[in-house]
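Participant: Take this structure, written in structure tokens, and hold onto it; I'll ask about it next.
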Amino acid sequence: MATKFRGIYIPLITVFHDDGEVDYKATEEVIEFMINAGVHGFFVLGSTGMGPVMTTQQRIETAEFVVKRINRRRPVILHVGAADYQTTMQLAQHGDKLGVDAIGIVPPYYFSDHTPWEIFEHYKGVAKAISSPIFLYDNEKYSGFKFTPELAKKLKDEVPSLCGMKASYYPQALLLAYLGAMPKDFSVFSGNTIDLFPAAPQGLCGAIPPPTAHIPEVIVALWNALEAKKYDEAAALQKKADDYGRTVVRLGMRFGRTVHRDAFRLRGLNVKRYPRWPAEELSAEATATLTAALTATGVTSR
């Protein structure tokens, strides 16, 4: 059976005003930029989307806005994960009513000593309350809970509506183990485009990649080349994406998520504030490095 979710699903940033309220106009600009670049879908209000640091009401209103603006032009996976079961449930039921294509849920975070039984009950409870399929957002770095291929397969057995997963910060060997463990109609996505060339021919369904989200034209072309089995073309695009992504990760380790704001600004987008919290400005040297990395990919920059 073919998987419903395939390709490059952009982790959509949420743009903010200086007071921490959502800048809807700028967020809409990012949406249109991504659609024009040919992305295959959106992952909304995850870590890159700042969902976990927004108020529940902000998440509700932003979900409504984004779904309305995308208007079925692309599939939407709406992330609703929270530290507590009740908020997760509230947001999941709201997203279900909006008619999104899937509800993404990260394991409940902060309390990193949750047992597998508690995690399973979390997902099972939400699944019983909604009709939308569920997308597992497996992010041990931020949730504190470690999934394994065996646990994910067991969760799929107990939650039949579990349709796919984003595997964040995985070594390729573990990613391939998931591909072997899960059913063929289960969509496994990497959190990084670096995995596309080696893993797509083995069943990887796509990527939800923050480090390379600023160059959607390149990573969409990479995925399309892999789908067409144009491997020489894909290899060249993979190198471009990898080189750029490594630069973003390196700058992000030094300056934080400001690198994403400035990368989108260099692409000509009016991203006033990102992330939502106070963050360090890039140095002149770092900005020059980021600009050079963008230029090397062949995309247009401001």
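Read-outs: derived from the displayed coordinates by stated rules, not from any lab. As the structure is a computational prediction, the values presented were derived from the model and not from experiment. Heads up, the Cβs are rebuilt from the backbone with ideal geometry, glycines too, and the neighbour counts pull from every protein chain shown.
Participant: Taking the range 23-53, which residues are small (Gly, Ala, Ser), touching a Pro at 6+ places or on another chain (Cβ under 6 Å) and assigned to a helix (DSSP H, G or I)?
Facilitator: ALA37
Participant: Are there any pairs with C-beta distances below 6 angstrom linking a residue in the range 96-110 that is in contact (Cβ under 8 Å) with a residue 24 or more places away in the chain and more than 20 Å from ARG74 (Cα to Cα) to a residue that is among the small types (Gly, Ala, Ser) and not in a loop (DSSP other than H, G, I, E, B), with the two at least 6 apart or on different chains, and if so which?
Facilitator: VAL106/SER143; PRO107/SER143; TYR109/SER143
Participant: Could you pull out the residue among VAL39, VAL22, VAL67 that is touching a residue at least 60 places away in the same chain (Cβ under 8 Å), crowded, with 17+ Cβ neighbours inside 10 Å and among the β-branched types (Val, Ile, Thr)?
Facilitator: VAL39
Participant: What's the total number of residues in the range 270-302 that are of a type in the set (Ser, Thr, Tyr) and more than 20 Å from ALA241 (Cβ to Cβ)?
Facilitator: Count: 3.
Participant: Only one of (1) of a type in the set (Gly, Ala, Ser); (2) in contact with a Cys (Cβ under 7 Å, 6 or more places away or on another chain); (3) over 16 Å from LEU162 (Cβ atoms) fails for ALA102. Which number is that?
Facilitator: Going through (1) of a type in the set (Gly, Ala, Ser); (2) in contact with a Cys (Cβ under 7 Å, 6 or more places away or on another chain); (3) over 16 Å from LEU162 (Cβ atoms) one by one, ALA102 breaks only (3).
Participant: Looking only at the range 89-103, count every residue that is buried (at least 23 other Cβ atoms within 10 Å of the Cβ) and either among the hydrophobic types (A, V, I, L, M, F, W, C) or within 16 Å of GLU121 (Cα to Cα) (or both) and tell me the total.
Facilitator: Result for the range 89-103: 5.
Participant: Please find, within the range 54-75, the residue that is farthest from the chain's Cα centre (by Cα) out of those that are among the aliphatic types (A, V, I, L, M), part of a helix (DSSP H, G or I) and more than 14 Å from VAL30 (Cα to Cα).
Facilitator: My answer is ILE60.
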